[in-house]
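Notes to accompany the following structure.
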Amino acid sequence: MVFTTWRGTPIEPRNLNRHFYPIRERLGLDVRFHDLRHTCVTLLLGLGIPPHIVRDIVGHSALDVTMNIYAHADMTEKRAALDKLGNLLSGE
């Protein structure tokens, strides 16, 4: 992902961090900027966006990076998967 200025030029990483961390502290959040990347991937996949599109959005060269490192299943998804398995096994 590339963040840009109002002019459309890329923001220097140092400048992004310089603005992000004071905002994070004011809000009382304990997250790194990179954690937002993981959240973005997880939310996009949760919305049903095809993995290859998510891969392109975040700029990974390989789909397995997107799926194995960045995608985190939440408890709702895990419960739904196990419920489907339970229904299959119980003949429902």
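Here are the numbers:
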item	result
Mean projected area in nm² (Cα convex hull; one quarter of hull surface) for segment 31-90	4.8 nm²
Residue order, fewest to most surrounding Cβ atoms within 10 angstrom, among 37, 26, 55	26, 37, 55
Only Lys, Arg (+1) and Asp, Glu (-1) charged, at Cβ; the chain dipole about Cα centre in debye	400 debye
Neighbour-limited loop hits for chymotrypsin sites (Phe, Trp or Tyr not before Pro), the chain (at most 16 other Cβ within 10 Å; DSSP other than H, G, I, E, B)	3, 6
Note, ³J(HN,Hα) from phi for segment 81-90, Karplus 6.51, -1.76, 1.60, rounded to Hz, x at Gly and Pro	5, 5, 5, 4, 5, x, 5, 4, 5, 8
Value of relative contact order over the chain, rounded to a whole percent, pairs C-alpha under 8 Å and six or more apart	21 percent
Virtual spin-label span in nm between residue 79 and residue 18, 7 Å along Cα→Cβ	4.5 nm
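Every number in this text was worked out from the coordinates using simple rules, so none of it is lab data. This one's a predicted model, so the numbers in the text were calculated from it and none came from an experiment. When we count neighbours, we look across all protein chains shown, and the Cβ atoms used for this are built from the backbone with ideal geometry, even at glycine.
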